[in-house]
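Report on the structure given below.
Quick note: the coordinates plus some simple rules give every number you see, no bench work behind them. Bear in mind that the values here come from a model prediction, so they are computed numbers and not experimental data. Here the Cβ is made from the backbone with ideal geometry for all residues, glycine too, and neighbour counts use every protein chain on show.
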Amino acid sequence: MQLAMVQERIVPFDGLDPAYLDRGIYFGDGVYEVVRSYNGRIFALEEHLERFANSLAGIGMRGVDIEHIRSRVRRAFDAAEILDAKIYFHITRGSELRNHVADDNLEPNFFMTVTEASDSTEEKTKGISVSTHPDWRWKRCDIKSLNLLPNVLARLDAARKGCAEAILVDDVGLITEGASSSFMAIIGQTLQTAPLTANILPSITRNFIVKAAPDITLRVVEESLTPDRAREADELLIAATTEDIVPVVQFDNETIGGGKPGKYTRLLMQRFREFV
Ligand code: PDD
């Protein structure tokens, strides 16, 4: 008899909940997005949907109607009635008995949560500590894939060191980005961050900062930094949808900017708040 075992329970294979056979679990074979709302309005939904479409194309999933995803997001968001929400959704290639080559006719699985956005964001405005970690990820980090084990391991390492984020360093010693955020340095009048390549996620918050920087007299330089250069920066920051813009005041035990959020970071945070 074909069967499955779930914890202590033996169940006939035929009656098994397809959720257990999700290719997202077996292979991380799916893509996701995280979107935020502020005061009842979803921020940058179109940009997130565009990136989602690119991620789907990147893993060769055709036939997902983005219009349909947009209306699901709107419907769930309206039903939740949460003003400051974190909206997470993913699509996997579907459910089937484990097989690397997916059946062409699989029905994709869609999953979404709408939850309260974390209120720890406020606390982080004082600045966080970060630690570096080797970037063990694959070569298509521009795809927002469900394969996040290297990111998870880096974050666990950072957490063990009392740090709120891991800053990933590639094989040639250059910083790519945070394990779940973009990373930027302010040196004099320049804002420096890694260029948009397949090594990093095209972050929507990064995009906002790059556009806003000239308004506060910062020149944007899209060039990767070494950890040594980052340590000497006047200001460091990370940026991500769930966190907004967060000042970094400690980098691998080195104090940055006297341990306080710098002038330009605070200006960027203020601009971002006004914008959203
Ligand atoms: N992460 N880089 C990585 C590796 C990320 O995982 C994220 C966001 C970002 C920032 O992208 P954006 O500004 O578009 O949110 C950069 C999400 C929030 C997550 O995985 O939870």
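Data table
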item: Student exercise, the chain dipole from Lys, Arg, Asp, Glu Cβ charges, in Debye to nearest 20; result: 420
item: Stretch gain in nm, segment E67-I82, where the contour uses 0.36 nm per residue and the Cα spacing is subtracted; result: 3.1 nm
item: Helix-only CD estimate at 222 nm, as mean residue ellipticity for the chain, using -39500 (n - 2.57) per DSSP H run (n ≥ 4); result: -8000 deg cm²/dmol
item: Projected label distance in nm at L153 and E223, using a 7 Å step from Cα toward the beta-carbon; result: 3.2
item: Peptides 139-150, 28-39, 10-21 ordered by average Cβ neighbours within 10 Å, highest first; result: 28-39, 139-150, 10-21
item: Kirkwood-type radius of the range 123-180, with distances r between different C-alpha atoms, in Å; result: 11.8
item: Cα-based helix-to-principal-axis angle, 263-275 vs the chain, degrees rounded to 10; result: 50
item: Qualifying lysines (Cα of each under 20 Å from Cα of K126; at least 8 residues distant if same chain); result: K161, K260, K263
item: Shape call, the range 121-275: gyration tensor on alpha carbons, a/c limit 1.5; result: rounded
item: Cα gyration tensor category, rounded, prolate or oblate, for the range 3-116 with a/c compared to 1.5; result: oblate
item: Rounded tilt (10° steps) of 45-58 against the dominant C-alpha axis of the chain; result: 60
item: Gaussian network model of the chain, Cα within-10 Å springs - most flexible of A194, A117, A79; result: A79
item: Contour excess over end-to-end distance, with Cα ends at L196 and Q7 and 0.36 nm allotted per residue; result: 63.7 nm
item: Vicinal HN-Hα couplings computed from phi for the range 184-192 (Karplus, 6.51 cos²θ - 1.76 cosθ + 1.60; Hz; Gly/Pro x); result: 9, 10, 10, 10, x, 9, 10, 10, 10
item: Amide hydrogen neighbours beyond the local backbone of V220, cut-off 5 Å, H modeled; result: L191
item: Within straight-line cross-link reach of K86, lysines at Cα separation under 18 Å, skipping those fewer than 8 residues along the same chain; result: K124, K144
item: Hull volume in cubic angstrom per residue (convex hull over the Cα atoms of the chain); result: 149
item: Within straight-line cross-link reach of K211, aspartates and glutamates at Cα separation under 14 Å, skipping those fewer than 8 residues along the same chain; result: E222
item: Degrees between helix 149-160 axis and first principal axis of the chain (Cα, 0 to 90, nearest 10); result: 50
item: Computed E for R160/T115 - FRET, C-beta separation, R0 30 angstrom, nearest 0.05; result: 0.70
item: Contact order normalised by residue count of the chain, Cα under 8 Å, 6+ apart, percent; result: 17
item: Calculated FRET value between D171 and E47, using beta carbons and R₀ = 22 Å, to 0.05; result: 0.15
item: Estimated FRET transfer efficiency (D103, R74; beta-carbon r; R0 25 Å; 0.05); result: 0.20
item: Rounded if a/c under 1.5, otherwise prolate or oblate - the range 84-150, Cα gyration tensor axes; result: oblate
